[in-house]
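Take a look at the structure set out below.
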Amino acid sequence: MSDLDPRSPFTHERWEPFLNRALVYVGYRVMEPFRDDDPEKENFPKSWVRIVIWFSPSGLSWHVNVHSDIRTLLRAGVQGLSNGTSLYLVGDRWESREDDALWVGEVPIPPSIQAVLDRWAREDETKGKQAPG
């Protein structure tokens, strides 16, 4: 069963203006094998991919981050800025800091991502009940 919404390749995505200086796309999705017939599909690690696309008058830039814990990925900086600060998307607001460390404190988990985490937890619980022991 795919974790993807059939209307979008991303589990959660949003476009955000940043101080009228840029338009930023941030999309999260579950990392999946390239093909459904991958023989290791059942053993594929549960991980998340974040893509950031930064449109500004000076041009286009993008990057991708991968992490097994969505909470860590949500707390990671979205974009480094030319003044040495890093930009973070905390819930629905932009924040910046002087370094690129993880955001201190909790960042809300979007409902579409929480639904995937809840399903994974149910699947893990079901597997645990079925395990011999």
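Just a few scattered comments:
- Inter-label distance, nm, simple model (7 Å from Cα along the C-beta direction), residue 47/residue 82: 3.4
- Within the range 12-130: Cβ-based charge dipole about Cα centre, in debye rounded to nearest 20 (Lys, Arg +1; Asp, Glu -1): 200
- Rounded FRET efficiency, nearest 0.05, which uses the C-beta distance separating residue 97 from residue 68 and R0 of 22 Å: 0.40
- Equivalent ellipsoid, the range 12-130 (semi-axes from 5 times Cα gyration tensor eigenvalues, Å): 31, 17, 12
- Measuring nothing but how far apart in sequence close Cα pairs (under 8 Å, 6+ apart) lie, relative to its length, the range 12-130 scores a relative contact order of 16 percent.
- Backbone amide hydrogens, once placed in the peptide plane, bring residue 80 within less than 5 Å of 87, excluding anything fewer than 5 places away on its chain.
We did not get these values from a lab; they are worked out from the coordinates using the rules stated. Keep in mind that what you see is a predicted model, and the values were worked out from it rather than measured. FYI the Cβ positions are ideal-geometry reconstructions off the backbone, even for glycines, and counts take in every protein chain you see.
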